[in-house]
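What follows is a single structure, written as structure tokens, with notes after it.
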Amino acid sequence: MGLTPRPERKVVEYNPSSQEGWVATRLDFLVNWGRANSLWPMPFGTACCAIEFMATAASRFDLARFGMERMSFSPRQADVLICAGRVPFKLAPVIRRIWQQMPQPKWSIAMGACASTGNIFDNYAVVQGIDTIIPVDVYVPGCPPRPEGLMYGIMMLQEKVKRERMADEGIRNEMEPDPNSKLYIPPPLIDELSEPFGNSVHQTRSGL
Amino acid sequence: MTAPFEIQHAGSALGNAPAPTSPVNVPHRGGEPNPSAAALREKFGDAIRRVDVVWAETTVYVAPTSVLDIVRWLHDDPSQRYDYLSDVTAVEHRDYEAPIEVVWHLRSLPFRRFLRLKAQIPKNKLEVASVWSVYKGADWLERETFDMFGIRFIGHPDLRRILMWEQYREGYPLRKDFPLRGRFSRAEQLRQALAANPEARYSMEELSIADAFEDLPTEMRQRLKGGERTGE
């Protein structure tokens, strides 16, 4: 065919004087290392936690050390959704839509007690934890958490990202509740099952 | 260039009166009422039910049927000139038999006066006249009062919910008989909230104010033109 076969090489030669650098590693490790250190956050700040989040991003605490200095105000370019503050029911479809608009791979952090559980706002207007709307990777406690707390949560998320395996195919599955599925439980049945103590979605611990 | 409105300077109608100082030793009850209260009694007679002075602020209880006349007179009369409506809200008392009070906070910048109007309306007929024709700023304040208490303001141009979403079916959250967590279960509340289409929350009026209507996608424009607001 006019092409000379390549010589078979069993041994990789390396000549230090050639100035060529190269590294042998696992692809998983390399990809995860890159992802973990360039997380672009989508800030979803609705309350006082957003003030602490801004302080985290500012010069004293310097979120840029973690590769997160680029706030992504468009969900299309974001990697991690940081929900800072309480989410009223009126915003529930909005945060769900933003989460759906973010491309994979994506993670989310529930920053503060309100985003994690609803906090003291156990009332008619506030979602009792954003994990009832979107999946959450890291919960940061505090009311509001100090910037160190948020950064600790971010480092935990980085650890989580670094331990992901591409061989794990289920890790990127997005599941929407499908009313036709045999596994689907309608809300009234959830309420019935959760009596008399309630669950995280349906709370009946007092007569309020 | 002239301003498109007349600039009001605080205290401009008081002439050479001395500059106001912070009040001291204000009694809880009693004291000198706002001079507008006496003028209201003279003008409207029986429509003025009671005048209270609480912490040196004057509260005038008026008949619900003559609210609009009284507010219009307070706004237009050159001896009153209440040119700023700072709040419209309502109070429901714990006593179930007690009527609901609708409250208007009026301020006269030229005379440096503050006046609180209250109208007691029975619970079986929560209706009162809108003051939107006098103060355009009453629009959202009355919508909020309607949203939270269910009081219908007759004559309001666009009486819809403003804080809760328009499909909210659980009642009026600031009423005493409203349970703190709402009437539906958490699962049902979440299901209803997530079923809403966030893009279709805006009414034609709001979109025309934002002047963004022409920039919307064709499909969304058609939906909104058809009068659809909920997207459900």
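A few notes on this one:
- Considering only chain B, percent of DSSP beta bridges that pair antiparallel, nearest 5: 75 percent
- J(HN,Hα) series, segment A:82-94, from Karplus relation 6.51 cos²θ - 1.76 cosθ + 1.60, nearest Hz, glycine and proline x: 9, 8, 10, x, 6, 10, x, 4, 5, 8, 4, x, 5
- Amide hydrogen neighbours beyond the local backbone of residue B:54, cut-off 5 Å, H modeled: B:59
- Exposure proxy ranking for A:22, A:40, based on other Cβ atoms within 10 angstrom of each Cβ and starting from the fewest, stands as A:22, A:40.
- Residues A:83, A:48, arranged from fewest to most other Cβ atoms within 10 angstrom of their Cβ, appear as A:48, A:83.
- Separation between Cα centres of segment B:152-198 and segment B:113-145, rounded to whole Å: 20 Å
- In loop segments of segment A:52-154 as defined by DSSP, the chymotrypsin sites (Phe, Trp or Tyr not before Pro) with at most 10 further C-beta atoms inside 10 Å of their C-beta are A:73.
- Residues B:58, A:56, arranged from fewest to most other Cβ atoms within 10 angstrom of their Cβ, appear as B:58, A:56.
- Across the options A:116, A:66, A:143, the greatest Cα extent toward the positive end of the charge dipole of segment A:24-176 (unit charges at beta carbon of Lys, Arg, Asp, Glu) belongs to A:66.
- For residue B:96 and residue A:122, the FRET efficiency from 1/(1 + (r/R0)^6), where r spans their Cβ atoms and R0 equals 41 Å, is about 0.95.
- Rounded to whole numbers, the Karplus 3J(HN,Hα) couplings from phi for segment B:54-64 are 10, 6, 6, 10, 8, 10, 10, 8, 10, 5, x Hz, using 6.51 cos²θ - 1.76 cosθ + 1.60 with θ = phi - 60°, and x at Gly and Pro.
- Note on residue A:58 and residue B:69: with the Förster distance fixed at 45 Å, the Cβ-Cβ geometry gives a FRET efficiency of about 0.20.
- Residues whose amide H falls under 5 Å from that of residue B:62, counting only those 5 or more places apart or on a different chain, are B:49, B:118, B:119, B:120, with hydrogens built in the peptide plane.
- Among the trypsin sites (Lys or Arg not before Pro) in segment B:76-132, those placed in a DSSP loop whose Cβ has at most 10 other Cβ atoms within 10 Å are B:94, B:125.
- Amide H contacts of residue A:81 (H built 1.01 Å from N, under 5 Å, at least 5 apart or other chain): A:42, A:107, A:108, A:109
- Placing +1 on each Lys and Arg Cβ and -1 on each Asp and Glu Cβ, with no other charges, gives segment A:24-176 a dipole about its Cα centre of roughly 260 debye.
- Take the Cα of residue B:7, step 7 Å toward its Cβ, do the same at residue B:44, and the gap between the two points is 3.3 nm.
- Residue with peak Gaussian network fluctuation, chain A [Cα springs, cutoff 10 Å], from A:189, A:30, A:150: A:189
- Segment B:42-78 and segment A:1-76 have Cα centres lying 69 Å from one another.
- Spin-label proximity, residue B:56 to segment B:5-33 - amide N less than 13 Å from point 7 Å beyond Cα toward beta carbon: B:20-33
- Of all the options A:190, A:51, A:109, the one that moves most in a Gaussian network model of chain A with Cα springs shorter than 10 angstrom is A:190.
- Net dipole in debye of the protein assembly as shown [+1 Lys, Arg Cβ; -1 Asp, Glu Cβ; about Cα centre; nearest 20]: 460 debye
- Computed as a quarter of the hull surface, the mean projected area of the alpha carbon convex hull for segment A:1-123 stands at 14.2 nm².
- Loop-located chymotrypsin sites (Phe, Trp or Tyr not before Pro) in segment B:25-82 (DSSP state other than H, G, I, E, B) with a sparse environment of at most 16 neighbouring Cβ atoms within 10 Å: B:55.
- Placing a label point 7 Å from the Cα of residue A:178 along the Cα-to-Cβ direction, the residues of segment A:118-142 whose backbone N falls under 19 Å of that point are A:135.
- Among B:26, B:54, B:134, residue whose mean-square fluctuation peaks in a GNM of chain B (springs only between Cα atoms under 10 Å): B:26
- Distance between modelled label sites at residue A:47 and residue A:160, nm, 7 Å Cα→Cβ extension: 2.1 nm
- Sequence-distant lysines (8 or more away, or on other chains) whose Cα lies within less than 17 Å of residue A:106: A:160, A:162
- If you take all other residues with their beta carbon under 15 Å from the beta carbon of residue B:43, and give Lys and Arg +1 and Asp and Glu -1, the sum is -1.
- Stretching residue A:6 away from residue A:101 to a fully extended chain increases their span by 29.5 nm, per 0.36 nm per residue minus the current alpha-carbon distance.
Read the figures in this text as sums done on the coordinates, not as results from a lab. Predicted, not measured: the structure shown is a model, and the values here were computed from it. Glycine gets a Cβ as well: all are built from the backbone with ideal geometry, and neighbour counts include every protein chain shown.
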